[in-house]
Amino acid sequence: MTVETPPSGIPGLSASGHRLDGDSSDPVWVRVLSGLTAELRSCGLEARVDGTIGAVDAITRGPAPRVQKAVLRPHRGQLWWWLHCAAEPALPPPHRTPLTPAVDTADAARRIVRVLTPCRD
């Protein structure tokens with residue numbers, strides 16, 4: 001298998017035309033980005049959408065905001081939400097881990113909220 005990095009600003013995989021590549025005009029792409037944004041906001045988080053790369057940033061409110069990025073990428077033949085784990089040494093680059101199928105925005109939001117919630121001792 002050959003892996004290529006797409007030019008900057010182009011979402012998805014190498015080999016254009018893959019059915020799971022991001023297309024900001026694709027109704028499924030738009031629906032899941034909007035759905036996750038709405039779910040995160042209903043959980044009390046701020047949410048920023050980057051439709052170009054298929055990502056949503058979940059941001060906690062308060063004096064020391066924390067950010068968790070979720071990105072749309074293929075997994076097991078479907079479009080999934082992946083957590084972008086910045087500088088996580090246990091994961092190989094690009095430091096992402098699969099979260100949920102893209103259509104399951106409620107479960108994705110619930111899991112992102114848990115990631116952003118401080119541990120209680």
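Points worth noting:
- Scanning the stretch 24-44 for residues that are of a type in the set (Asp, Glu) and over 13 Å from residue 109 (Cβ atoms) yields a count of 1.
- The stretch 26-75, residues that are buried (at least 20 other Cβ atoms within 10 Å of the Cβ) and on the phi > 0 side of the Ramachandran plot: 54
- Considering only residues in the stretch 61-98 that are touching a His at 6+ places or on another chain (Cβ under 6 Å) and farther than 18 Å from residue 34 by Cα, the one that is modelled with the highest pLDDT turns out to be 98.
- Meets criteria (surrounded by fewer than 17 Cβ atoms within 10 Å (Cβ to Cβ), modelled with pLDDT of 95 or more and not in a helix (DSSP H, G or I)) for residue 120: no
- Scanning the stretch 40-57 for residues that are touching an Asp or Glu at 6+ places or on another chain (Cβ under 9 Å) and assigned to a helix (DSSP H, G or I) returns a single hit, 40.
- Failed condition for residue 106, given (1) of a type in the set (A, V, I, L, M); (2) modelled with pLDDT of 95 or more; (3) buried (at least 18 other Cβ atoms within 10 Å of the Cβ): (3)
The values are calculated or read from the model by the stated rules, or taken from the named source; none is laboratory data. Note that the coordinates shown come from a computational prediction; the quantities given were computed from them, not determined experimentally. Every residue, glycine as well, gets a Cβ built from its backbone with ideal geometry; the counts of neighbours run over all protein chains shown.
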